[in-house]
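Here the structure is laid out as structure tokens; the discussion comes afterwards.
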Amino acid sequence: MFRLISDNVDVDAEVTVGDMKFEHLQHRKTKSPPVPLSLDTPDKEKPGEKSLIDRLPEADPGKLRLVLDCLDAGACVIDMETCEILYMNSYGQRIFGDVEGKICWQTLQKNQNGPCPFCNNRQLLNEQGQPAEAVVWEIQNTRNNRWYECRDRALYWFGGCLARLEIAADITERKREEENHIRMMKLEALRILGEGLVCDSNDLLSAGMGYMSLARLHLTPDNPAFWFLEKAKDALMKTGEFNKRLLTLTGNCSPFLREAALDSLLLDSVHLFPGDPKVKNAFILADPLWPVLIDEDQIRQVIFHLLRNARQAMPEGGNLKIRAENVSMGPGEKGRLPSGPYVRLSIEDQGIGIPPDRLSRIFSAGIEKEPGMNTQKLGLGLAVCRSIIEKHHGHIECRSKPGEGTTFTVYLPAVKIS
């Protein structure tokens, strides 16, 4: 028996072709786990017989469509020679529309000038050009940016043409969970490393500060060495600030939340930040702006880093737009944020933008290249920002296009003014 199975279904009818049985499935509301789709044929076929999937053309087309329409996954049949879409089930039509008769690479993907470079038609055929075993693979669709697990099998479709049957199950949520799990593992490894580095670094800082204090006791302020010791002290103090940021990332520096005015903090932070005459700041602030529950020092650190990124992305100058507005979020409207009042802060530049292949990794700690620079450094800045915002029960995201600029958006829980 060859079965195409969806999750949470009951058998309603059967279509039989010789030894091949298709089960017409209907949905029912249960909490049972999904059953994996399978394009494999059983091992009980007699030698010399056609495989079950090769006898598809003998089935009733109308009843077979009923079977495929019941899948909780996209199912399409594509002519392997002409790339014409011969069939698309109702699940796929809800995503791509009525595409039967159209060319697959022009319809199911975008920005393709010919057959997709990842097309696996050759893998679906054996050396004699006959249908081979099924191929399972994953892809992120370029039209809706969702991830799919595809199960492909070559077969002879109605009319005898050689075609590819593809069943694509949406695994976007699974991929997000996998990415989040990988991110958490990286942060845990970084936490363990960071704790050791901060502990050792603080010991060395204490010793260095102590010896400098002793040296200053033996010098007068007019001694040239006295000025160098002051500069060395300033450098060590900055190292101490770096240790605090690293502690924030490792999770050992919980925020002290209290009600604060974000608009005042924004204006103060921008004024304290080193200016650039080529960059023009534009503020768009709601009046009144709801108070937020934040640790001012930590949020100031986030603002400083986002401002620094924006300035570095505009070496030739440009406009920097800083916006803060009140928003009421519904459940599930923005990631995993609970419903309630929030203040949405966005910092938008007109810089060089971020390449798509790097955009998904900008909040991960690691080696990164600064925009417009030839050197690399340990990229903790945006990872620290994300860690801080998440500890504030907020959310941070980034939208960017190369050559068109970048916008960082932060959501912070607010106290709604009645």
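The values are calculated or read from the model by the stated rules, or taken from the named source; none is laboratory data. Being a predicted model, the structure only gives us computed values, none of them experimental. With ideal geometry, Cβ positions are generated from the backbone for all residues, glycine too; neighbour counts draw on all protein chains shown.
Screening the stretch 76-101 for residues that are buried (at least 16 other Cβ atoms within 10 Å of the Cβ) and either assigned to a loop (DSSP other than H, G, I, E, B) or among the polar types (S, T, N, Q) (or both) and picking the one that is farthest from the chain's Cα centre (by Cα) gives Met80. Scanning the stretch 335-353 for residues that are of a type outside the set (A, V, I, L, M) and in a loop (DSSP other than H, G, I, E, B) yields Gly335, Arg336, Pro338, Ser339, Asp349, Gln350, Gly351, Gly353. Of the residues making up the stretch 372-397, those that are at pLDDT below 75 and either under 25 Å from Gly330 (Cβ atoms) or surrounded by 17 or more Cβ atoms within 10 Å (Cβ to Cβ) (or both) are Gly379, Leu380.
Restricting the search to the stretch 104-116, which residues are closer than 16 Å to Asp152 by Cβ and in a loop (DSSP other than H, G, I, E, B)?
Within the stretch 104-116, Leu108, Gln109, Pro115, Cys116 qualify.
Residues that are in contact with a Gly (Cβ under 7 Å, 6 or more places away or on another chain), at least 2 per element: which helices (runs of 4 or more DSSP H) completely within the stretch 168-283 meet that?
On the way: elements: 172-217, 224-250, 262-272.
Filter on the stretch 168-283 gives 172-217, 224-250.
Please verify whether Ser269 is of a type in the set (Gly, Ala, Ser) and free of Cβ contacts under 8 Å to residues at least 12 places away in the same chain, treating the condition exactly as stated. Lay out the reasoning, then the answer.
Details: of a type in the set (Gly, Ala, Ser): yes; free of Cβ contacts under 8 Å to residues at least 12 places away in the same chain: no.
Spelling it out, it is not the case that Ser269 is of a type in the set (Gly, Ala, Ser) and free of Cβ contacts under 8 Å to residues at least 12 places away in the same chain.
Screening Glu100 with (1) touching a strand residue (DSSP E or B) at 6+ places or on another chain (Cβ under 7 Å); (2) farther than 29 Å from Glu173 by Cβ; (3) of a type in the set (Asp, Glu) gives one miss only, at (2). Does Leu257 satisfy being of a type in the set (A, V, I, L, M), touching a Pro at 6+ places or on another chain (Cβ under 6 Å) and surrounded by fewer than 19 Cβ atoms within 10 Å (Cβ to Cβ)? So Leu257 does not fit the description; no. Restricting attention to the stretch 356-367, does a residue exist that is more than 18 Å from the chain's Cα centre (by Cα), in a helix (DSSP H, G or I) and at pLDDT below 90? Checked the stretch 356-367: no residue is more than 18 Å from the chain's Cα centre (by Cα), in a helix (DSSP H, G or I) and at pLDDT below 90. Checked across the stretch 299-319, the condition of being touching a residue at least 40 places away in the same chain (Cβ under 8 Å), under 24 Å from Leu257 (Cβ atoms), surrounded by fewer than 19 Cβ atoms within 10 Å (Cβ to Cβ) and more than 24 Å from the chain's Cα centre (by Cα) holds for no residue.
Of the residues that make up the stretch 146-153, is at least one more than 28 Å from the chain's Cα centre (by Cα) and either crowded, with 18+ Cβ neighbours inside 10 Å or within 30 Å of Asn243 (Cα to Cα) (or both)?
First, the residues of the stretch 146-153 that are more than 28 Å from the chain's Cα centre (by Cα): 153.
Remaining after also requiring either crowded, with 18+ Cβ neighbours inside 10 Å or within 30 Å of Asn243 (Cα to Cα) (or both): 153.
Yes, some residue in the stretch 146-153 is more than 28 Å from the chain's Cα centre (by Cα) and either crowded, with 18+ Cβ neighbours inside 10 Å or within 30 Å of Asn243 (Cα to Cα) (or both).
Pairing residues of the stretch 86-98 that are more than 21 Å from Gly159 (Cα to Cα) with residues that are crowded, with 16+ Cβ neighbours inside 10 Å and polar (S, T, N, Q), at Cβ distances under 8 Å and at least 6 apart in sequence or on separate chains, gives Phe96/Thr107. Surrounded by 11 or more Cβ atoms within 10 Å (Cβ to Cβ) and either among the aromatic types (Phe, Trp, Tyr) or out of contact with any helix residue (DSSP H, G or I) (no Cβ under 9 Å at 6 or more places or on another chain) (or both): which single residue out of Glu173, Glu178 fits that description? Every option except Glu178 fails the conditions. Restricting the first residue to the stretch 52-76 and requiring it to be closer than 19 Å to Val99 by Cα, which pairs with a second residue that is in a loop (DSSP other than H, G, I, E, B) and at pLDDT 70 or above meet a Cβ separation below 6 Å and a spacing of at least six or different chains? Going by the 6 Å Cβ cut-off, the qualifying pairs are Pro61/Phe158; Leu68/Asn89; Asp69/Asn89; Ala75/Asn89.
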